[in-house]
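Remarks on the structure that follows.
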Amino acid sequence: MDLACGAGQNAVYLAERGWSVVAIDFSPVALERAASLAASRNVPVHRAELGALPADWSGVLLVEADLESAPLPAASFDLILCFQYLDREAFGRIESTLRRGGYLVYETFAESQKAHAEGPHDPSHLLRTGELRAAFPRLEVFFYRECETPRAVASLLARRPM
Ligand SMILES: C[S@@+](CC[C@H](N)C(=O)[O-])C[C@H]1O[C@@H](n2cnc3c(N)ncnc32)[C@H](O)[C@@H]1O
């Protein structure tokens, strides 16, 4: 599952490598761009409601939903990506939607991005020091970093224990 998938480059990348991907965004424009990208790479593309996901599909399944309120299905995904999106209230739901043994890859902007001209400067969109590492207490952390350049980001690879 790719959370806040935007134009779909990560979802399509995974689908090209054989994953069946749910790509969620609340922007119809972003989802339309993701659909075009998938079609241009010959990746099958489908649409669904979050509450009525099919049991099986190939390619990318586009879902229009607001992640601030969307009830993510419990223990349903082997891999979750979240890039350049931060909603602290969703951390618990993201953790719970991983299957046992499933992986979370999360990377988004950190507070020191404020020193850069580009990117978000609103604190609600910026991770505090150490915040991402501690955000998913039920997961085992395999990799964590905070870096300042070329963009200030924190990155996490973690797994839900078996
Ligand atoms: C900076 S883009 C990142 C897109 C993609 N993850 C990437 O790394 O290229 C942020 C995306 O989050 C989406 N977004 C923001 N708030 C959202 C929400 N509450 N629910 C779902 N999507 C949201 C936006 O529509 C946008 O596509």
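The values are calculated or read from the model by the stated rules, or taken from the named source; none is laboratory data. Small disclaimer: the values here were computed from a predicted structure and weren't measured. All Cβ positions, even for glycine, are placed from backbone atoms using ideal geometry, and neighbour counts span all protein chains on display. For accessibility, only protein heavy atoms count, side chains too; no ligands or nucleic acids. Shrake-Rupley method; radii C 1.70, N 1.55, O 1.52, S 1.80 Å.
Determine how large the accessible area of Tyr85 is when every protein chain is in place; take a 1.4 Å probe and give Å² rounded to the nearest 10.
50 Å²
Tally the DSSP beta bridges in the chain and give the antiparallel ones as a percent, rounded to 5.
Taking every DSSP beta bridge with both residues in the chain, the antiparallel ones total about 40 percent.
Which residues in the stretch 3-27 place their backbone N less than 13 Å from a point set 7 Å from the Cα of Ala48 along the Cα-to-Cβ direction?
20-24
Could you state the accessible area per residue of the chain in Å², with a 1.4 Å probe and every protein chain left in place?
Result: 52 Å² of accessible area for each residue.
For the stretch 1-115, treating each Cα as an identical point scatterer without solvent, what Debye log10 I(q)/I(0) comes out at q = 0.10 1/Å?
Treating every Cα as an identical point scatterer, log10 I(q)/I(0) equals -0.27.
What ranking of His116, His125, His46 comes out by heavy-atom accessible area, probe 1.4 Å, highest first?
Solvent-accessible surface, decreasing: His125, His46, His116.
Once neighbouring chains are kept in place and the probe is 1.4 Å, which whole percent of the accessible area of the stretch 10-162 is contributed by carbon and sulfur?
Carbon and sulfur together cover 52 percent of it.
To the nearest 20 debye, what charge dipole does the chain have about its Cα centre, counting +1 at the Cβ of each Lys and Arg and -1 at the Cβ of each Asp and Glu?
Roughly 500 debye, rounded to the nearest 20.
Nearest 500 deg cm²/dmol is fine: what mean residue ellipticity at 222 nm does the chain get from its DSSP H runs of n ≥ 4 alone, each adding -39,500 (n - 2.57), divided by its residue count?
Details: 4 runs with 32 residues, N = 162.
Here the helix-only value at 222 nm equals -5500 deg cm²/dmol.
How much length is gained on full extension from Ser36 to Val141, taking 0.36 nm per residue of separation minus their Cα-Cα distance?
Gain on extension, Ser36 to Val141, equals 34.3 nm.
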